[in-house]
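Each remark here refers to the structure printed beneath this line.
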Amino acid sequence: MSLLVVGLSHRSAPVSVLERAALTADAQVKLLQDTVAAEPATEAAVLATCNRIELYADVDKFHAGVAELSTLLAQHSGVGLEELTPYLYVHYEDRAVHHLFSVACGLDSMVVGEGQILGQIKDSLARAQDLQSAGRLLNDLFQQALRVGKRAHSETGIDRAGQSLVTFGLEQLARGGDVQQWARGKKALVIGAGSMSSLAAATLARAGVAEIVVANRTLDRAERLAQILMDGDDTDVAARAVPMESVPAELTRADVTVSCTGATGLVLTAESVAEAIEGRTPAPAAGSGEDGPGAPGGESGSATGSGAQRGGASGTSLGSEDGCPLDLSAVQGTAGFSVLGEAAVAGMAAADLEQHAAWVDNGSVGGDRRAAGGTARPGQTGTLDPAADTDAIAALAATVATVGRIPERRRPEPVEEPQRPEPVLFLLDLAMPRDIDAAVHRLAGVRLVDIESLAEASAGAPMAADVDQVRRIVSDEVAAFGAALRAAHITPTVVALRTMAADVVAGEIARLDGRLPGLDDKHRAEITQTVRRVVDKLLHAPTVRVKQLAAEPGGAGYADALRTLFDLDPETVAAVSRAEDSTTEKDRGPA
C-alpha cells in the first residue's frame, strides 16, 4: 500500500474555485466514507481549511487511486471533474509525506509560518479516527506531522516569518499600520464561535478594542466565548453574546466586524451592509476644487473654475473681450477646458491661432500690470503663464505651418475622481465559502478584506531566513519517516520468519522426545536452549540486514524476497500485520 494525496489550494486554484469547492462538515464525513468504500483505498483523511482541500489515502494502485480520489473530490465538492482537474495537484509516497510536513510547518500556508494549521491537522485526524477511516499509515503520518510542525516552531524562528491569518487580515484592514493603535477603542462584532472566530475575538481583545459582540447560530457557544473573553487576565474588554438575528442591529454599532462561519450562503449581503452604514458615512469635503484642478490657471477648469473665475467680479465673460477669437461662454463649464490647453485651439484656423496667442500674451501683460498695482482688463484674475504648454504649442505651430489648420485632436483630459470617504466600517471575511458579499468592496465608507484580497497581499510577502532551516527539518523528518515506514513494512515478514523458525525448533524437540523418551528434564532444557540459540544466531544477521536495506529508498522489494526465499505463507504475514495494527490502535492515544 502507498500514500497518495489529491487536493487543491490557494497555490493551485483561484479563490473563486476554492470557494465553490469548499466542503461542509457533513460533506467531509461522506467523502471519507465513500473513499474507504472505494476499491483502491483502505484508509482516508480529509484536510479542509479556508484555503485548501486535500484528500489523503492509502491506495494499492497509483493511477486508479488518482482517478478515484479526483472523482470523489469533484462529486462531494459540487464542482465538475473537468473544471476541477486543472487545479488539482497529486503527491505520492515520499512526496506526499513531504507535502503534509511542509503544510504542518506553515511553509505552504497563505501566511508563511502561521500556526493555526496544526490545530486543523489535529481536527482532521480526530475526524478520521472517529469514523475509523484512518488506519496505521495515516495515524502515524498525521501524528508525526503534528510533531514536525511543533518542532519547527520551537527550534526555529518561523513564527517571525508570518502570523495568523487573523492578524494578517487585521493588518490589511489597518493598511499596514499598527494594529493596536488602529483597534484601540473600537467596537467589534465577531460572527461565528468556531476556532477561527475565537482566535479573531481573542486577537481583537488583545489589540485593545473596547467591546466585542459575539453572534452565533447556537447562542450558548457565543455566550461561552464571550465569558472566556471577559475572564481573560490579559484584557479588560467588555464582551457579550447575541443571536444571529441581532447581527443587522449590531452592525450599525460596530466599527470592525470579523466573520467566519460554516454557512453555505452569504451572512452579510451588500444591501445589509449598506443599510448598516447609512447615515454614518461622512459626506465628501466641500470646496475640494479650491486649490485643486479647478483652480485659476489649472488645466481642468469648470463652471466654477477657469471660466467663471476668470469672469472676475464684474461677471464679464471672457468671450466678450476684444481680441479673443473664442466664444468661451459656451464652453467655460466644460470639464477639463483651459484657454491655454489644446482643447481650446482644436480646429482653429492659423490666423485665429495667432489672434488667440496675442490675446493670451496681452492677458499676461494685463495680469502683470494688475499685480504691479495697475488696472487689469475685465475677466483677468492673474498672470497666465503658457510655459507649461510650450511643447504642445510648438507642435501645434508646426502642424499649422504644414496644413494651415489645427487638427481636431486633443490630449486625454484628466478626470477628477470623487474623493472616497474614510471607512467607518471595517469588515474581515475569513470564511470559505465567503460570508460577506464581494460587492461590499464598492460601498463608500466600507473597507472589506477577504480571503481573495489576503491571497493577493501575501503573494509578494518576503520569507524569513528561518524558512530554510524549517525546510531542512522537513527534509530530515521525511527521510526518517520513510525509513521507519519501509522498515515497518518488512517487520511482519521478519516476525513471520522467526515464528516459522520457532515452530521448526518446537517440532524438532518433540521429535527428539519421541526418539529419546528417557531424556531427563535438565538435558531436554539444555538441548532445547542450544537449538534455539543456533537458530537465532543464524537468523540474526540476515534479519537485521534486511531491515536496514528495506529502510532505504527502493527497499520495499526485500520483504517479497524474504517471503520467497523462506517460502513464507502470505496469509501468515498478513495475520501478523493485522495483529500489530490492532495492538497499535489500542496503545495509540487521542490525536
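Net charge around Tyr89, counting only other residues with Cβ within less than 12 Å of its Cβ (Lys, Arg = +1; Asp, Glu = -1)?
Taking every other residue near Tyr89 into account, the sum is +1.
Could you compute the FRET efficiency for Ala479 and Asp123, with r as their C-beta to C-beta distance and R0 at 45 Å, rounded to 0.05?
0.95
Ordered by residue, what ³J(HN,Hα) values in Hz, to whole numbers, does segment 47-56 give under the Karplus form 6.51 cos²θ - 1.76 cosθ + 1.60, where θ = phi - 60° and Gly and Pro are x?
10, 10, 10, 5, 9, 7, 9, 10, 10, 9
Taking a quarter of the surface of the Cα convex hull of segment 5-48, what do you get in nm²?
3.4
Amide H of Thr156: which non-local residues (sequence gap of 5 or more, or other chain) have their own amide H closer than 5 Å, using H built in the peptide plane?
none
Taking Lys61 as the anchor, which lysines have their alpha carbon closer than 23 Å to its alpha carbon, excluding any fewer than eight residues away along the same chain?
Within the straight-line limit of under 23 Å, Lys61 reaches these lysines: Lys30.
Applying the Karplus parametrisation 6.51 cos²θ - 1.76 cosθ + 1.60 with θ = phi - 60° to the phi angles of segment 500-509, what ³J(HN,Hα) value in whole Hz is obtained for each residue in order, glycine and proline being reported as x?
4, 5, 5, 5, 5, 4, 4, x, 5, 5
Return the long-range amide H neighbours of Val214 (sequence gap of 5 or more, or a different chain), with a cut-off of under 5 Å between placed amide H atoms.
Those lying under 5 Å, H to H, from Val214 are Val190, Arg240, Ala241, Val242.
Using every alpha carbon pair in segment 75-162, what percent of pairs falls into each 10 Å bin from 0 up to the bin containing the largest distance?
Cα pair-distance distribution for segment 75-162, in percent: 16, 39, 35, 10, 1.
Each reported figure results from applying straightforward, stated rules to the coordinates on display, with no laboratory input. All figures in this text were calculated on a predicted structure; none of them were measured in a lab. Heads up, the Cβs are rebuilt from the backbone with ideal geometry, glycines too, and the neighbour counts pull from every protein chain shown.
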